[in-house]
Amino acid sequence: MLVRRGATLLKTEKGAAFSIERAGVTTRRGALRAKKLLASWILLGCVACSRGSPPSSEAPPAASSAVAGHKESFGSVMAQVGRRFELSGRAAAANRFALAAFEVGELEELFESDVPQAELPKEGPTAHIPAMAKAFLDTNAHELEKTAASRDLGAFKAAFERAAMMCNACHRASAKSFIRVPTEVGKGVPDLEPVVGADAEVQ
Ligand code: HEC
């Protein structure tokens, strides 16, 4: 047994030595190829630079751009709010409460930092926005968080409905009542159900 094992070991060692030798050859050849590759890579990189398209990893985070004075628009923060809210409802309806809780947490963060820092819309009334956004954070976001954590679909649905009513109240006050947030979980945000007649009447 021992002898056979030794033989196998010897074979393996020989094999290993052989492949190391081959690897050495490939490495020398490979080095040349790698140099050529690097050169074309650098060239390509420069082309990308001059086109002004840096890799996404170098893009500045939203927070630092806000510090630099380039405020995020209210609409773009709201688009994120809409997506988080929609996903939280769809996740809860699918019994995926961990995901619902995650989305609600992200929604809360948006109302904590991004919404207050965003540039207010240029059209329509805006004076009510800071106070209503704070009320949403203190009451509705908190309620969503609690009910998602307790995995109670009934309670979550009720919190979701109250939150959607708050979203819509602020949209109405901002003269944006056409951005309607559905009060039921599982639907897309904003509401895109077909309507009959003038859409300003849809509430
Ligand atoms: C404090 C006021 C306020 C609250 C609360 C609020 N919104 Fe908004 N929302 C706005 C305003 C103002 C706009 C229009 C922004 C603009 O003019 O670009 C808007 C726009 C939107 C848009 C359209 C974004 C786009 O550009 O496509 C969506 C979606 C949206 N809100 C979802 C929500 C949801 C969901 C909630 C509740 C979870 C919510 N909003 C709560 C004020 C609010």
Would you please put 103-109, 180-186 in order of how densely packed they are, using the mean number of other Cβ atoms within 10 angstrom per residue and starting with the highest?
103-109, 180-186
Distant-in-sequence amide H partners of S73 (H built 1.01 Å from N, under 5 Å):
E119
Cα-based shape type of the stretch 62-190, given that a ≥ b ≥ c are square roots of the gyration tensor eigenvalues and the cut on a/c is 1.5
prolate
Under 5 Å from the placed amide H of R180, counting only residues 5+ away or on other chains, we find D191
Mind checking the stretch 72-140 for trypsin sites (Lys or Arg not before Pro) that DSSP puts in a loop (not H, G, I, E or B) and that have at most 10 other Cβ atoms within 10 Å?
K122
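Every read-out reported here was derived from the displayed coordinates using simple, explicitly stated rules and does not represent laboratory data. All of these numbers come straight from a predicted model, not from anything done at the bench. Positions of Cβ are backbone-derived with ideal geometry, glycine not excepted, and every protein chain shown enters the neighbour counts.
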